[in-house]
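To keep things clear, I will list the structure first and then write my remarks on it.
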Amino acid sequence: QVQVVESGGSLVQPGGSLTLSCAASGNIFSINVMGWYRQAPGKQRELVASVTEAGSKNYADSLKGRFTISRENANNSVNLQMNSLKPDDTAVYYCNAAIRQRYSDSFRGYWGQGTQVTVSS
């Protein structure tokens, strides 16, 4: 079994910063891409940022410069540093990891349960 767990969501004032964390655990052989997505009320889930095992990063164009993704392969974890937060950043943030389990020959995406980020004064 594999688990993906996010943490760090909170209420924050506009202009503030927040760091989200995500850790994968369980029957893991390797992890390819790890990424953060978000879903605001009434909107589709969208990619925020992703990072490969080799460290190649990809960001949503609208978030470049404010958000930074980082990964620790040894801990199967990924963080999302969010700065200059705006009310439009309010959403549930989800972590996704492409994981290959031991005794498997393919990768599969696993989602966390989500963590709420609310930007409001």
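The values are calculated or read from the model by the stated rules, or taken from the named source; none is laboratory data. If you're wondering where the values come from, they're calculated on a predicted model, not measured in any experiment. Note that each Cβ is placed from the backbone with ideal geometry, even for glycine, and that neighbours are counted across all protein chains shown. Ligands, DNA and RNA are stripped out before the accessible areas are found, and what is left, the full protein with its side chains, is counted by its heavy atoms. Shrake-Rupley method; radii C 1.70, N 1.55, O 1.52, S 1.80 Å.
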**Asked** Taking only C-alpha pairs under 8 Å that are 6+ residues apart, what is the relative contact order of region 1-81 in percent?
**Response** 28 percent
**Item:** Per-residue SASA entry for TRP111, accessible area with 1.4 Å probe, Å² rounded to 10
**Value:** 110 Å²
**the chain: most fluctuating residue of ASN27, ASN83, ASN58 per GNM, C-alpha cutoff 10 Å** = ASN27
**Message:** To make sure I understand the rule: partners must be lysines, Cα under 22 Å from the Cα of LYS43, and not fewer than 8 residues away in the same chain. Which ones qualify?
**Reply:** LYS64, LYS86
**Asked** On the accessible surface of the chain, probed at 1.4 Å, how many percent belong to carbon and sulfur atoms?
**Response** 44 percent
**Fill in**
Connecting every pair of Cα atoms under 10 Å apart in the chain and solving the GNM, the largest mean-square fluctuation among GLY26, GLY42, GLY16 falls on GLY42
**Message:** Let me check I have the definition right: for region 1-72, take the eigenvalues of the Cα gyration tensor, multiply each by 5, take square roots. What are those semi-axes in whole Å, largest first?
**Reply:** 23, 16, 13
**Label-point separation in nm, GLN39 to TRP111, each point 7 Å along Cα→Cβ** = 0.4 nm
**Request:** Among the trypsin sites (Lys or Arg not before Pro) in region 58-121, which ones are in a DSSP loop with at most 16 other Cβ atoms within 10 Å of the Cβ? Mind listing them?
**Result:** ARG66, ARG102
**Request:** Choose one answer from LEU85, LEU63, LEU47: the residue with the largest mean-square fluctuation in a GNM of the chain with alpha-carbon springs under 10 Å.
**Result:** LEU63
**Message:** If the reach is capped at under 14 angstrom between alpha carbons, list the aspartates and glutamates near LYS57, excluding any in the same chain fewer than eight residues apart.
**Reply:** GLU72
**Prompt:** How large is the dipole of the chain about the Cα centre if only Lys and Arg carry +1 and Asp and Glu carry -1, each at its Cβ, rounded to the nearest 20 debye?
**Reply:** 80 debye
